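Working notes, beginning with the structure itself.
Where a number appears in this text, it was derived from the coordinates with a stated rule and is not lab data. Keep in mind that this is a model prediction, so the values were computed, not measured. Heads up, the Cβs are rebuilt from the backbone with ideal geometry, glycines too, and the neighbour counts pull from every protein chain shown.
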Amino acid sequence: MKRVVQLGIAAAFLVVAVLALFVGRPGREAQNRVDLAPRPRVANAVGEEATLRNVTKKPIAYTIMPGPGNRVPRTRTLAVAVVDRIATDLPVEISFDNGRRTMTYLIHPGKPYSFRYDESNIIRVYPGSHGREDAADLAPYVPTPLEVVTRMLEIGAVGPNDIVYDLGCGDGRMVIAAAKTRGSHGVGIELDEALLAECRAAAEKEGVGKLVRFLRLDATKARLTDATILLLYLLPESLETLEPVFERDLAPGVRIVSHDYKIPGWDARIVRTEVIPGENGRDHRIILYRMPDKR
Ligand SMILES: C[S@@+](CC[C@H](N)C(=O)[O-])C[C@H]1O[C@@H](n2cnc3c(N)ncnc32)[C@H](O)[C@@H]1O
């Protein structure tokens, strides 16, 4: 009799366990659904979520790998120029096939990332500058070394009559150096509020607060009609994005001095290129352009 009771209890447990496996477990369709519902946008800081932006020219299928908090791989296709938001408290592994091999990346909550082309036209994931849907991500914050800034000012022949613009000005070093060493006026455009605070503090500290101003603005929406020279450190696809703004606003003769990256399709406008050896064998390229006469 005792044996029968034991068998009965064991059978009951088995039934409950099997039921538990199916009840409360998502069906196949739900398992494959990616939980990336857009959240309300938060400027710059993105809290406990990572953002992934597609800055390439084609849709990208990528997979969020299983990990704490998600038991099954979740695949989705990110359309061109779209930003995905991945809610997570922990680093998440993502993978995608870049046409040559499967790449995996660990992406971290609170950080923006972008799918971009590398110099060999292969798509990779890079850190971004912000996760906003309403603004272009032109480049993550990487400051130009001061000796390169000095050479850019020399190559651009910046003088006291110039109005210097830096689109994506970071800590403002380019327009501040131009004002301090060459007496020019300057406008720095930046989205990151913390960097803008650094710009304003540095301009005061360097005694050029009256010569320069800093604007919190998406550089793709800026008016550049009073610029006489642009000093830029942006990625090639961002220079390509800005090209219509240059064509619309810049007068003949305006100079553009670009650190490292060329403006796609503008080789005929290059006036000069110089390579400066940097630390750790990393060279810096400076490219000078001049806007042509209007046809
Ligand atoms: C590579 S850093 C260059 C900083 C500075 N020009 C220098 O050379 O030291 C690019 C900067 O562009 C800013 N940025 C990115 N997208 C932007 C946008 N849409 N509008 C304005 N600034 C942007 C980033 O926050 C970052 O500070």
The answer for L78, listing residues at least 5 apart or on another chain whose modeled amide H is closer than 5 Å to its amide H, is I60, A61, Y62
Hz values of 3J(HN,Hα) by residue in region 206-223 - Karplus curve (6.51, -1.76, 1.60), Gly and Pro given as x: 8, x, 10, x, 8, 8, 10, 9, 10, 10, 8, 7, 6, 4, 5, 9, 7, 9
Which whole-Hz ³J(HN,Hα) couplings does region 229-237 yield from phi under the Karplus relation 6.51 cos²θ - 1.76 cosθ + 1.60, θ = phi - 60°, glycine and proline marked x? 7, 10, 10, 10, 9, 9, 6, x, 5
Just in region 60-143: which GluC sites (Glu not before Pro) are loop by DSSP and have at most 10 other Cβ atoms within 10 Å? E119
Phi-derived 3J(HN,Hα) across region 265-275 with the Karplus relation (6.51, -1.76, 1.60, θ = phi - 60°), rounded Hz, x for Gly and Pro, is x, 10, 4, 5, 9, 6, 9, 6, 10, 9, 10
Suppose every Lys and Arg Cβ carries +1 and every Asp and Glu Cβ carries -1, with no other charges. What dipole size does region 146-290 come out with about its Cα centre, to the nearest 20 debye? 460
Given Cβ charges of +1 for Lys and Arg and -1 for Asp and Glu, the option among C169, V187, G265 whose Cα lies farthest towards the positive end of the dipole of region 146-290 is V187
Rounded, prolate or oblate, given the Cα gyration tensor of region 40-127, with a/c below 1.5 counting as rounded? oblate
Compute, for region 40-127, the length of the dipole vector about the Cα centre, with Cβ point charges of +1 (Lys, Arg) and -1 (Asp, Glu) only. Units Debye, rounded to 20. 280
Around G186, which amide H atoms from residues at least 5 apart in sequence, or from another chain, sit under 5 Å from its own amide H, with H modelled in the peptide plane? V164, V212, R213
Order these by the 10 Å Cβ neighbour count, fewest first: K180, K205. K205, K180
Within region 156-199, backbone nitrogen closer than 12 Å to the virtual label 7 Å beyond the Cα of R216 toward Cβ: 190-198
Scattering from the C-alpha atoms of region 146-290 alone, worked out with Debye: what is log10 I(q)/I(0) at q = 0.11, 0.14 1/Å? -0.37, -0.61
Hey, can you grab everything whose amide H is under 5 Å from the amide H of T56? Only 5+ residues off in sequence or another chain; H modelled, so Pro and N-termini drop out. A81
Can you give the local net charge around E190? Use residues other than it whose beta-carbon is closer than 11 angstrom to its beta-carbon, Lys and Arg +1, Asp and Glu -1. -4
